[in-house]
Amino acid sequence: MINAEKLVEEIRRELAPVEQEIRRHPYLAALETGRVRREDLTRFAGEQHHIIQSDLRSIALLVNRFGATPSRPFFQAVLVS
């Protein structure tokens, strides 16, 4: 059986190409050079905030739905992370 540390290392290796694509995305370059308008950045931050809040509500519902099952600690850990 694979241990958690090896699993995390394997996942990182598998995701490395995706991480590089994200790091080379033109939006990040535009952001670093100041070519993103402040109102666009504000809008993006607001959208991210909305998404995160929605995700937190979804996880809270999962805790509520599966709170009496063995998976409760997992969902609670995700909620507080």
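Figures for the structure shown
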| item | result |
| --- | --- |
| Pair list, Cβ < 8 Å and 6+ apart or interchain, from segment 2-14 residues that are of a type outside the set (A, V, I, L, M) to residues that are part of a loop (DSSP other than H, G, I, E, B) | E10/I2 |
| Among residues of segment 37-68, those that are in a loop (DSSP other than H, G, I, E, B) and surrounded by 10 or more Cβ atoms within 10 Å (Cβ to Cβ), counted | 2 |
| Inter-residue pairs, beta-carbon under 9 Å, first within 30 Å of R72 (Cα to Cα) and without any contact (Cβ under 8 Å) to a residue 40 or more places away in the chain and in segment 40-60, second outside any helix (DSSP H, G or I) and open to solvent by 90 Å² or more (accessible area, probe 1.4 Å), 6+ apart | none |
| Residue count, segment 21-36 (criterion: open to solvent by 80 Å² or more (accessible area, probe 1.4 Å) and not charged (D, E, K, R)) | 4 |
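The values are calculated or read from the model by the stated rules, or taken from the named source; none is laboratory data. Values in this document were obtained by computation on a predicted structure and should not be read as measured data. Neighbour counts run over all protein chains shown; Cβ positions are idealised from the backbone, glycine included. Accessible surface is based on the protein model in full, side chains and every heavy atom, while ligands, DNA and RNA are left aside. Shrake-Rupley method; radii C 1.70, N 1.55, O 1.52, S 1.80 Å.
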